[in-house]
Amino acid sequence: EAANAGIATPVMQDVQTTVQSAMAQITQQAAPLFTALLIVARAPPGQPLTPQQQEKISSVFPNEANDLFKNIAEVLPEDPQVTQLKRIADKLECVEAKLDRLIKAKGGADVGSE
């Protein structure tokens, strides 16, 4: 057992060193990707990136990747729920406008008293 423990310790140290260096590389390479993905995810769908967002992406990626992320942000479709909520809000505004016109047509009578 003592002989096995002596062999296992250097092997474990080598494994630990390799894993630590691999994690450092993964962190260095993945951090810019995650940064850019978060920026694109927070951008309004179908709209170009703001200058601040473009600046952030350009600070972590080369030019080719910048162009790719700009195009992705412009091509992403809007969330269907957001689209539906916008339609509902537009229809509510139309109903509100019609109610205002009806109130004015009645001579401004207080609707709440009926």
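The values are calculated or read from the model by the stated rules, or taken from the named source; none is laboratory data. Just so it is clear, the structure is predicted and the values come from calculations on it, not from any experiment. A quick note on method: Cβ atoms are made from the backbone with ideal geometry, for glycine too, and the neighbour counts reach across all protein chains shown. Accessible surface areas use protein heavy atoms only, side chains included; no ligands, DNA or RNA. Shrake-Rupley method; radii C 1.70, N 1.55, O 1.52, S 1.80 Å.
Run the 1.4 Å probe and let me know the accessible area of Asp14, rounded to the nearest 10 Å².
For Asp14, solvent-accessible area is about 100 Å².
Going 7 Å from the Cα of Gln81 in the Cα-to-Cβ direction, what parts of segment 20-46 have a backbone nitrogen less than 18 Å from that spot?
Under cut-off, by backbone N: 41-46.
Heavy atoms of the protein only, probe of 1.4 Å, neighbouring chains included. What is the accessible area of Arg101 in Å², nearest 10?
About 140 Å², rounded to the nearest 10.
Ordering Phe61, Phe34 by accessible area with a probe of 1.4 Å, largest first, what comes out?
Ranked from most to least accessible, the order is Phe34, Phe61.
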